[in-house]
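We did not get these values from a lab; they are worked out from the coordinates using the rules stated. Quick caveat, the model's predicted, so the values are computed rather than measured. Note: ideal-geometry Cβ built from the backbone for every residue, glycine included; neighbour counts use all protein chains shown.
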Amino acid sequence: MAAEEIYDYILQHIDSESDYLQALYRETHIRLLNPRMASGHLQGRLLKMLVQMIRPKSVLEIGTYSGYSTLCMAEGLPADALIHTFEINDEQEDFTRRWLSGSPYADRIRMYIGDALQEVPRMGMQFDLAFIDGDKRQYVAYYEMVLACLHTGGWILADNTLWDGHVLDKAAHGDRQTAGIQEFNTYVAEDRRVEKVILPLRDGLTIIHKR
């Protein structure tokens with residue numbers, strides 16, 4: 001059976017996404033470059049469920065893009081929790097901030113424009129959960145920065161860690177993003193400070209637990 005048929009079957013047998021998320025996903029494909037970067041229905045429902053399971057009070061997201069994943073995580077948050085999401089591309093702000101502020105979960109979201117590697121340490125905050133979905137060339141740097149501000153027992157979700165199968169390339173052929181993901185996967189696999197598992201969901205999702 002084709003992978004597309006399996007994917008369609010899965011979507012027919014999981015919780016539906018809201019009309020608001022459907023509209024955002026559609027607008028992302030119409031208005032933005034690289035719409036594949038949006039998490040989408042399946043990953044979005046998983047993010048919501050993971051948040052409901054972990055029940056974090058503070059969430060860090062690196063890479064907001066159109067805000068789809070932000071809204072899915074915010075949907076699963078307790079009412080008194082917050083997600084702090086960072087987008088480095090200031091040209092993205094007008095589109096994304098409008099969708100976040102117009103959502104039912106706007107009071108649970110704080111959006112920042114800037115480099116998370118520089119800005120997060122200045123906040124002096126500790127987080128229960130982090131979602132890494134930024135520049136693939138910086139994944140190891142993000143990881144170390146996040147670990148430093150993550151509570152013991154906290155969780156990291158790292159997106160795109162199979163990178164459309166390119167992680168199997170023996171050489172990155174000058175592609176620094178592929179090389180960045182390969183480096184990250186090896187780095188985390190050898191890190192005894194954490195437990196980790198890679199899910200072959202969409203483009204790969206790594207779940208990491210800080211001991």
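Numbers below:
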{"read-out": "Rg over Rh [alpha-carbon atoms, Kirkwood Rh] for the range 3-210", "value": "0.94"}
{"read-out": "Ranked S69, S103, criterion: other C-beta atoms within 10 Å, fewest first", "value": "S103, S69"}
{"read-out": "Charge context of D191, other residues only, Cβ under 13 angstrom, K/R +1, D/E -1", "value": "+1"}
{"read-out": "Linear extension gain, I30 paired with T186, 0.36 nm per residue minus alpha-carbon span", "value": "52.5 nm"}
{"read-out": "Spin-label pair R98/E5, simplified geometry with 7 Å Cα→Cβ offset, distance in nm", "value": "4.1"}
{"read-out": "Max mean-square fluctuation residue, GNM over the chain, Cα-Cα springs under 10 Å, options H13, H41, H29", "value": "H13"}
{"read-out": "Ranked packing of 127-135, 86-94, most packed first, by mean Cβ within 10 Å", "value": "127-135, 86-94"}
{"read-out": "The range 79-143-the range 169-211 distance, computed between alpha-carbon centres (Å)", "value": "21"}
{"read-out": "In the range 1-85, the GluC sites (Glu not before Pro) that fall in loop regions by DSSP, at most 15 other Cβ within 10 Å", "value": "none"}
